[in-house]
Amino acid sequence: MTDQTIIVYRAGSFSTEAAPPWMAALHAVEQEIENWDSALDHVLGKCVSRVAVEGVAWPVAEVVARRTPDGGYFVDMMAEEFSHAEVWIPDLADWLPFQVSYVEPFLLARATIQRNQVLDRLTNALIAFARHGEGRHIDRLTGESRIDEREDAERRQRTAAAIRSRTTTAI
């Protein structure tokens, strides 16, 4: 059963330990209401810290921290590619080292990826605009021009028609 152990960050290293009583209560509430975030709010209370790297339509990465009944923190780290980590930091002295060593690099990596994707999109839009003008033909999501795709499809159709006409006249 998944709620019997939890990943713990203590004194600069990770380990797996027996889950505290609040974790069993959290899983029981989640089974009942079928909503993880609502179960977290119900058992641990509202989050004390939420940091997100925003994407085009939704967050690319998010880190949510909640205080635990024993005075520590429960951290939920989620990323766009569906990676997910739940870490319990029971000792307050470990909170800052965990933030510096794991949370900041996690968010920085996701922000860098997001920035590179936006720059790639802007570059594609600029190239498409410079090649074709105006800008109405630019795909808003990717920044790419669809004119080249349309011209390639028309060229393939002309080539296929020419090949068909040569084979029918040869017969």
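The values are calculated or read from the model by the stated rules, or taken from the named source; none is laboratory data. Quick caveat, the model's predicted, so the values are computed rather than measured. Cβ: placed from backbone, ideal geometry, glycine included. Neighbour counts: every protein chain shown.
A few remarks follow.
- Residues in the stretch 102-127 that are small (Gly, Ala, Ser) and closer than 24 Å to Val87 by Cα: Ala109, Ala111.
- Taking residues in the stretch 85-101 that are closer than 13 Å to Ser13 by Cα and assigned by TED's automatic domain parsing to the domain that holds Trp36, and partners anywhere that are acidic (Asp, Glu) and in a loop (DSSP other than H, G, I, E, B), the pairs with Cβ atoms closer than 7 Å and at least 6 places apart or on different chains are Pro90/Asp70.
- Qualifying residue in the stretch 32-45 (condition: on the phi > 0 side of the Ramachandran plot and either in contact with a strand residue (DSSP E or B) (Cβ under 7 Å, 6 or more places away or on another chain) or not assigned by TED's automatic domain parsing to the domain that holds Arg110 (or both)): yes
- Inside the stretch 67-110, residues that are under 20 Å from Leu44 (Cβ atoms) and of a type in the set (D, E, K, R) make up a count of 6.
- Residue within the stretch 57-74 that is in contact with a Cys (Cβ under 8 Å, 6 or more places away or on another chain) and aliphatic (A, V, I, L, M) present: yes
- Leading residue by the ranking (nearest to Tyr102 (Cα to Cα)) among those in the stretch 1-22 that are surrounded by 14 or more Cβ atoms within 10 Å (Cβ to Cβ) and without any contact (Cβ under 8 Å) to a residue 40 or more places away in the chain: Ala19
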